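The values are calculated or read from the model by the stated rules, or taken from the named source; none is laboratory data. Computed from a predicted structure; not experimentally measured. Using ideal geometry, Cβ is built from the backbone for each residue, glycine included, and neighbour counts are taken over all protein chains shown.
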Amino acid sequence: MTQELPGPDERFMPPAEPRTSRRTVWALAATSLLLCIAVAVWFGYRERHPTPVPVVLETVKAEVADIEQVVNATGNVAMQSYVDVGAKVSGQISDVSVGIGESVKEGRLLVTISPAVAAGRVENNRAQLARLKAELAGQNAQLDFAQLQFQRQTQLKAENATREESFESSRMGMYSAAAKVDAINAQIQQMEAAMKEDEAIQKQTRVVAPVSGVVVALSARVGQTLNANQDVLMRIADLSKMSVQARVAEEDVTRLHKGMIAYFTTPGYPGKRWAGKLRQIMLLPADDSGKQGKKAYYTVLFDVANPSRELMAGMTADVYFVLEKADDAVTIPVALAVKPDREGLQTIKVRLEDGKLETRKVRLGVRNADKVQVLAGLKAGEQVVLPVRER
């Protein structure tokens, strides 16, 4: 069986391409081009005609509340009134009759001291005083006799019945007796002064409370040797009233004044506050503040009652000085308070019950970090529009 081979022209001719595949490629290319043109036209239109972002109007109700403007500072609780009790005599402590935290009344015995002055010295001075008084009595008798002798010699001289020597001798005897009386009196006064000093020393060996209060510090110990007017034995304080020492920055202290209301809280009693009136503003900066470009802080003092003695010296105080205060005031968020107009009025928008918005002019008053008082132009319960925000 014979097979025919292709001729020379037929072997080198490429196979024919189908017409349908070429048409499909051109159709897809045209479709893609049209789609790109449509997308470009759509984005251009969106850029020229952006879709408006929906605006959300939020409102807040005007509320009635107490509001106050304050200057805040930190400080510490301190004792307002206290007395340091010392020893007035030298000696050794023989007894201590009080302890720390104990209440004492004025005049109560606190410490007993065995003085350096011996008790025998007091008795010796008494004996010497008695002896001097006896000598004085004898000398007074001699003075009386000398005066009588002088009077007699004076009469005899007037009658020219005595010698001049006898007259002068009687006069000198009288003067001598009087001088001895004066000398003994001086010794008696000196002895009495020494005895009063000894008696005072004996009394000062009993240290008593100079004021009523609480013993907050005690350094006296039995057997301790004391030097007069040098050793402090204890501190007695009146804890029924405490003082608060606040550190106020220089930009705030100029807004404070004597007599203004101040209050504070302390971590030891959460939710409780103590109030008083500003008593004093120290004129010099506290500690080392205000030096070499540092901000200056000033110590401000006010007193608070402490009848239950809950407060203790050294407690941390978060202090508030009240600049302004309003009770039962109509308030709105402080974010609505911007720069007022020339008449001091603030513009706000109020949503009425029918949903419409109304522009109002209101006058603002006391403000703090959260709220501001509305003095006129708005009632409690009305809905105030908050600043617009986008979604």
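Name the residue that is surrounded by the fewest Cβ atoms within 10 Å (Cβ to Cβ), counting only residues in region 77-117 that are under 31 Å from the mean Cα position of the chain (by Cα) and of a type in the set (S, T, N, Q). This residue is S103. For the condition in the same structural domain as T74 (by TED's automatic domain parsing), closer than 30 Å to K277 by Cβ and surrounded by 12 or more Cβ atoms within 10 Å (Cβ to Cβ), A237 qualifies. Looking across region 273-313, the residues that are closer than 24 Å to G101 by Cα and not in a strand (DSSP E or B) come down to N306, P307, S308, R309, E310, L311, M312, A313. Within region 249-286, the residues that satisfy the criterion of being over 30 Å from A217 (Cα atoms) and hydrophobic (A, V, I, L, M, F, W, C) are A249, V253, L256, M260, I261, L283.
The set of residues from region 174-209 being basic (K, R), surrounded by fewer than 16 Cβ atoms within 10 Å (Cβ to Cβ) and part of a helix (DSSP H, G or I) comprises K196, K203. Residues that are under 21 Å from A326 (Cα atoms) and of a type in the set (K, R) were ranked within region 351-367; the one that is nearest to the chain's Cα centre (by Cα) is R367. Inspect region 237-255 for any residue being farther than 30 Å from V111 by Cα, assigned to a loop (DSSP other than H, G, I, E, B) and within 21 Å of the chain's Cα centre (by Cα) and give the result as yes or no. Yes: one or more hits. Among the residues of region 354-387, those identified as among the β-branched types (V, I, T) and more than 14 Å from A329 (Cβ to Cβ) are T359, V384, V385. Exactly one residue among V89, V117, V60, V85 is modelled with pLDDT of 75 or more, of a type in the set (A, V, I, L, M, F, W, C) and part of a loop (DSSP other than H, G, I, E, B), and that residue is V89. On inspection, V350 qualifies as in contact with a Ser or Thr (Cβ under 9 Å, 6 or more places away or on another chain) and free of Cβ contacts under 8 Å to residues at least 60 places away in the same chain. Every condition in (1) in contact (Cβ under 8 Å) with a residue 12 or more places away in the chain; (2) hydroxyl-bearing (S, T, Y); (3) surrounded by 14 or more Cβ atoms within 10 Å (Cβ to Cβ) holds for T162 except the one numbered (1). Within region 314-328, being in a loop (DSSP other than H, G, I, E, B) and either surrounded by fewer than 15 Cβ atoms within 10 Å (Cβ to Cβ) or of a type in the set (K, R) (or both) holds for one residue alone: G314.
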